[in-house]
Amino acid sequence: MATIKYLSHSAFLLDDGLHRILIDPFISGNPNAPVKVKDISVDYIVLTHAHGDHLGDAIEIAKKCKAMIIAVNELAKYIASFSVKSHNMHIGGSYEFPFGRLKFTIAHHGSSSPDGKYMGEPAGVIITLTGKNIYHAGDTGLFYDMKLIGEMNEIDVFLCPIGDNYTMGIDDAVKAVEFVNPKLAIPIHYNTFPIIQCDPQEFVDKVIATGRNAKVMEFGEALEI
Ligand code: NI
Ligand code: MN
């Protein structure tokens with residue numbers, strides 16, 4: 001049994017009872033964050049890309065907790081320059097970590113550091129925890145290869161951006177759920193800023209109308225999977 005806790009925007013805390021894994025920890029600059037950086041304690045931090053609303057407080061948290069950051073090569077090397085432990089991977093590659101397998105997927109987006117440096121390709125990530133497959137799409141537009149991701153992996157939980165402007169909007173995200181065919185889809189990357197304001201329940205209703213399962217997670221809500 002594993003727990004996934006939604007920290008708002010694209011940030012999640014996964015916990016299998018032995019390992020705590022934080023994804024895209026945008027906390028201190030995030031008006032919806034239900035936690036404080038000082039209260040976070042983790043073993044691993046996974047980054048989908050380097051934009052400020054994903055890299056967030058990763059370096060500070062990693063230093064504080066002596067956590068390892070997992071990211072694509074260019075971003076992982078940038079992280080290493082801050083004397084933080086990092087594991088560099090790349091898209092299509094997977095690796096067996098103590099908590100389980102992690103694989104980076106494509107994402108159609110950009111990736112630059114807060115000071116404007118190129119940080120490699122943005123990614124999505126599939127994390128296997130206690131036998132459950134969690135697919136965090138990162139920031140991305142809709143792409144047809146999501147169908148392949150769904151065909152080759154039984155996705156239990158699909159964390160799917162819906163906020164539009166920078167990523168898929170609701171209708172594209174509903175199509176993405178059709179492609180990925182997860183047991184449960186959870187909307188992410190909305191309502192943090194005025195430009196990504198939308199109603200996550202509209203996404204959920206539209207997914208359910210296609211015969212699939214989706215749920216809005218409250219900011220700070222934890223779910224057992
Ligand atoms: Ni981004
Ligand atoms: Mn973003």
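Full extension from ASP205 to LYS38: what is 0.36 nm times the residue separation minus their Cα-Cα distance, to one decimal in nm? So the extension gain works out to 56.5 nm. Here segment 67-123 is treated as a Stokes sphere of Kirkwood radius computed over C-alpha pairs; at 10 °C and 1.306 mPa s its diffusion coefficient rounds to 134 µm²/s. Straight-line reach from LYS147: taking Cα to Cα under 14 Å and skipping same-chain neighbours fewer than 8 places apart, the aspartates and glutamates in range are ASP172, GLU178.
Would you kindly give the portion of the calculated P(r) for segment 94-225 that falls above 24 Å, as a percent of all Cα pairs?
On the way: 2408 of 8646 pairs.
Counting pairs separated by more than 24 Å, the tail of P(r) holds 28 percent.
The value of relative contact order for segment 3-216, using C-alpha pairs under 8 Å at least six residues apart, is 13 percent.
Pairwise Cα separations in segment 177-225 fall into 5 Å bins from 0 onward with the following percentages, short to long: 4, 19, 28, 23, 18, 7, 1.
Counting only DSSP beta bridges whose two residues both lie in segment 3-216, roughly 55 percent are antiparallel. What the Cα convex hull of segment 3-216 gives, in volume per residue, is 106 Å³. Taking the Cα centre of the chain as origin, sum charge times position over the Cβ atoms of Lys and Arg (+1) and Asp and Glu (-1), and report the length of that vector in debye to the nearest 20. I would put it at about 640 debye.
Taking a straight Cα-Cα cut-off under 19 Å and skipping sequence neighbours fewer than 8 places away in the same chain, the aspartates and glutamates within cross-link reach of LYS64 are ASP15, ASP24, ASP39, ASP43. A prolate overall shape is assigned to segment 36-98, the ratio a/c of its alpha-carbon gyration tensor axes (a ≥ b ≥ c) being 1.5 or greater and a/b exceeding b/c.
Only the coordinates and a few stated rules stand behind these numbers; no lab work does. In this text, all values refer to a predicted model and were calculated from it rather than measured experimentally. With ideal geometry, Cβ positions are generated from the backbone for all residues, glycine too; neighbour counts draw on all protein chains shown.
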